Amino acid sequence: MIRHSNYQVDPWSLRECALDLEVLAQSESLFALSNGHIGLRGNLDEGEPYGTPGTYLNSVYERRPLPYGEAGYGDPESSESVINVTNGKVIRLLVDDEPFDVRYGTVLEHDRRLDFRSGTLTRSVTWRSPADAMVRIRSERLVSLSQRSVAAIRYEVESVDSSVNVVLQSELVANEFVPEVKGDPRVAEALENPLVGEEHMSEGHRALLMHKTKNSGLRVGAAMDHEVDGPGGVTSSAESINDIARLTITSTLATGERLQVTKFLAYGWSAHRSRPALHDQVLGALASARNTGWDELLKEQRASLDEFWSGADIELEGDPEVQQAVHFALFHVFQASCRSERRPIAAKGLTGDGYDGHTFWDTEMFVLPVLAHTYPVAAKDALEWRRSTLAQAEERAKQLGLEGAAFPWRTISGQECSAYWPAGTAAFHVNADIAAAAVRYQDATGDTEFEGTTALELFVATARLWRRLGHHDAQGRFRIDGVTGPDEYSALGDNNVYTNLMASRNLLEAARLAATHGDAAQGLGVTVEEVASWRDAAEKIFVPYDERLGVHPQSEGFTNLDLWDFSLTPPERYPLFLHFPYFDIYRKQVLKQADLVFAMYLCPDAFSPEEKLRNFAYYEAITVRDSSLSASVQAILAAEVGALGLAYDYLGEAALIDLDDRQRNTRDGLHLASLAGTWTALVAGFGGLRLRGGELSFAPRLPQEITKLRFTLRHRGRRLSATIVPDHATYELLEGKAMTILHHGDRVDLGGSPVDAELPAVIAAPEIAQPPGRAPLHRHQSRPEGAVTSLLPGGLHAVEGGSEIGEEVVERFDTDRETDQSRIDG
């Protein structure tokens, strides 16, 4: 998208300087506003045309059937889909009876700007109607970061060259038409007109609609109020029925005169509160917004973002596109989570209905690590939400014949919504991922109260699951068989390295917490014998290794599988899951996304530097990145092993995934995990950040294209920055008590003054290749294209000890055909 001629590169905003209806749906996702509770897609004010209309409330969903040809025991019977709730964005305009519609008349100017510091979406349009009347329209929209239930719009119309009669129709619209749901007709039927009217009201400039979902039984309220400012003779009237409430405003504007309307919106929902109670709640939030006023809402918005950026900003020199993309990414990560308040953070945030609005392991492994260091209260809220679903996870474990808790692969409410066992429930690593996110938050904040309550409960429940899921074999090794790791092109493998290492960490931390918080652990029924069994399983976890090739197989026996024949896979046959049967994919060495490579980042002490290089080279050659989750992880490891140019290319892929619409599905919503991964690629990749037991360790190194990198983060009540240039790094404690960090293994004390530290020389990795046609796009032409010397599975000689690396020349093509349209079971 950003390469589209209508979009300009600016470090602190996304600006579209002309409207192109061909990419309208994509722009609606890019220009979406949210606060984690309310989400408004960037639809045009007048409501039409649209790609996908979208107004979302976090955790408001409709229940729908899960179709099976042959259902099995333990298969979920229903799923959940986010729904488009009452749309309050609509403000229609008629000029001398001609409706303002960009498809008619002449659009002389059209400009939209999403400002990452003010948190507003502004629009400016100059339009000549079919009857030759010219008007200028300006609007500004926000979803309040300070008042959770509130959104607001200021809309202004000005007559440019003649006297005109104008009519504004400000609306609340429920059950508006949404593009047809593809697939099973039962699903489409369940999601069509999901809201049943309970109450409608209009008086003065106010209106309210109350609805309840047909199947899930969730009550939703939406209300609007207005301030009107215009020349004399302005009239208004309000009306409402079940699904529409409308305020109609009329005025006659002489040349140069303006009519301005400020629209305040309030939303609320509940699974338990009565209609009168929710009615009062919504009107109370609306009254608060009116009392605050537009100008103060803008000030509060700016103050909230100033505070966020003070502990999260990243500056880089050498690549203006990536600089803009980084700010875009962090802005969307922040607004997706800042007021979610013990609700899930979905894979698309609240920017679209992709993946049915579900949350996955992406949240814990990509989004929460960023929030832990930039806006930790949001990370804590997300983990508290997981804790609130613990009873459902424990019930699911019982259903599966297990102990402890089995958290869902995909969900909105906490119920398992995956209809595909091999890539759903069998991906038990989600349980260790939740535990890992809790450790990351605890290490980053030192929140001891959280550790002794929420963290302890999560760790005890997940440790019990692992202890029951695995077993000791005849050699005494603790095995976890028949599970699926992060890579969705492999399924039901034995001893997936990622899963086993993460489970081991989970078990050890559970044992530590049980010892530290003994009384609380006893209250959960934990015994000394149980803790000992956790430690024993963790210490004896089986991590397979292929001595012949000198690499770790992703799962036991993986390196014995046949290699995928990439020479017979042209670019148009990616993503593989849309063009080949899973039976074929599962039996071959081919990866959708980073798996063992992810394990090397998360569990770095389990691998030697030599093993990391050999593993990375091996898996690079068979990873096709049909998933948006892969590029940022590959960037981190590429930087660590010395492939800085490759890491830089992967950074660009992760950062620009939506701005360039790399996966051809930005229309369905943004890829929040990839956006969060942009921060991780820079801070953990080029900054070398690792966190062990609450201590920050940095090992910075820069690619030649980036001449300067500066990032700010929060740590245990402190705020610090790191500024990296090619030959040294400067660390500065900006706020809080003195502290000690590690720089390439050396201790550095931070206090009142900045501290400089030299960067050691980077040992460049050998050239590392990807499957033909699947290399990341080069960020700059200075990076050569064409034939390269590469490390491939076929070129790794079978030698004793696995020390010799063979070389093989392959042709390397660039491609931009990533089309990961849905999760496997989506």
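Here are some notes:
Conditions tested, residue by residue: (1) over 23 Å from PRO49 (Cβ atoms); (2) surrounded by fewer than 20 Cβ atoms within 10 Å (Cβ to Cβ).
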{"position": "ASP96", "(1), (2)": "no, yes"}
{"position": "GLU109", "(1), (2)": "no, yes"}
{"position": "ARG112", "(1), (2)": "no, no"}
{"position": "ARG117", "(1), (2)": "yes, yes"}
{"position": "VAL135", "(1), (2)": "no, no"}
{"position": "ARG138", "(1), (2)": "no, yes"}
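- Scanning the range 531-559 for residues that are open to solvent by 40 Å² or more (accessible area, probe 1.4 Å) and of a type outside the set (Phe, Trp, Tyr) yields ALA532, ARG535, ASP536, GLU539, LYS540, VAL543, GLU547, ARG548, GLU556.
- Residue within the range 601-614 that is assigned to a loop (DSSP other than H, G, I, E, B) and in contact with a helix residue (DSSP H, G or I) (Cβ under 7 Å, 6 or more places away or on another chain) present: yes
- Meets criteria (out of contact with any Pro (no Cβ under 8 Å at 6 or more places or on another chain) and surrounded by 21 or more Cβ atoms within 10 Å (Cβ to Cβ)) for LEU368: yes
- Across the range 540-576, the number of residues qualifying as part of a helix (DSSP H, G or I), over 16 Å from TYR489 (Cβ atoms) and free of Cβ contacts under 8 Å to residues at least 40 places away in the same chain comes to 2.
- Residue check for GLN415: at pLDDT 95 or above, farther than 20 Å from ALA372 by Cα, open to solvent by 40 Å² or more (accessible area, probe 1.4 Å) and in contact with a strand residue (DSSP E or B) (Cβ under 8 Å, 6 or more places away or on another chain): yes
- For the range 408-421, the criterion of being of a type outside the set (S, T, N, Q), more than 27 Å from VAL333 (Cβ to Cβ), out of contact with any Asp or Glu (no Cβ under 8 Å at 6 or more places or on another chain) and touching a residue at least 40 places away in the same chain (Cβ under 8 Å) is satisfied by no residue at all.
- Of all residues in the range 317-353 being of a type in the set (S, T, N, Q) and not in a helix (DSSP H, G or I), the one that is farthest from ILE434 (Cα to Cα): THR351
- Some residue of the range 397-404 being open to solvent by less than 30 Å² (accessible area, probe 1.4 Å) and part of a loop (DSSP other than H, G, I, E, B): yes
Rundown of residues vs (1) surrounded by fewer than 16 Cβ atoms within 10 Å (Cβ to Cβ); (2) charged (D, E, K, R); (3) touching a Lys or Arg at 6+ places or on another chain (Cβ under 7 Å); (4) outside any loop (DSSP other than H, G, I, E, B), yes/no style:
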position	(1), (2), (3), (4)
ALA245	no, no, no, yes
THR248	no, no, no, yes
THR252	no, no, no, yes
LEU259	no, no, no, yes
ALA266	no, no, no, yes
HIS272	yes, no, no, no
PRO276	yes, no, no, yes
HIS279	no, no, no, yes
GLY284	yes, no, no, yes
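- Test: ILE741 is of a type outside the set (Ser, Thr, Tyr), under 29 Å from THR623 (Cβ atoms), open to solvent by less than 30 Å² (accessible area, probe 1.4 Å) and at pLDDT 95 or above: no
- Residues being within 21 Å of the chain's Cα centre (by Cα) and either more than 27 Å from ALA638 (Cβ to Cβ) or of a type in the set (Ser, Thr, Tyr) (or both) - total across the range 566-602: 1
- Residues that are of a type in the set (D, E, K, R), within 26 Å of ALA765 (Cα to Cα) and assigned to a loop (DSSP other than H, G, I, E, B), drawn from the range 687-718: ARG701, GLU705
- For the range 629-686, a residue qualifies if it is farther than 15 Å from GLN704 by Cβ, among the acidic types (Asp, Glu) and either assigned to a helix (DSSP H, G or I) or open to solvent by 10 Å² or more (accessible area, probe 1.4 Å) (or both), and the qualifying residues are GLU640, GLU653, ASP660, ASP661, ASP668.
- Which listed residue is under 26 Å from TYR7 (Cβ atoms) and either in a strand (DSSP E or B) or open to solvent by 40 Å² or more (accessible area, probe 1.4 Å) (or both), from GLU28, GLU48, GLU62, GLU70: GLU48
- Hey, VAL526 at pLDDT 95 or above, crowded, with 23+ Cβ neighbours inside 10 Å, over 34 Å from the mean Cα position of the chain (by Cα) and closer than 25 Å to ARG396 by Cα or not: yes
The values are calculated or read from the model by the stated rules, or taken from the named source; none is laboratory data. On a predicted model such as this, the values are computed, not experimentally measured, just so you know. With ideal geometry, Cβ positions are generated from the backbone for all residues, glycine too; neighbour counts draw on all protein chains shown. The area values use the complete protein model at the heavy-atom level, side chains included, leaving out ligands, DNA and RNA. Shrake-Rupley method; radii C 1.70, N 1.55, O 1.52, S 1.80 Å.
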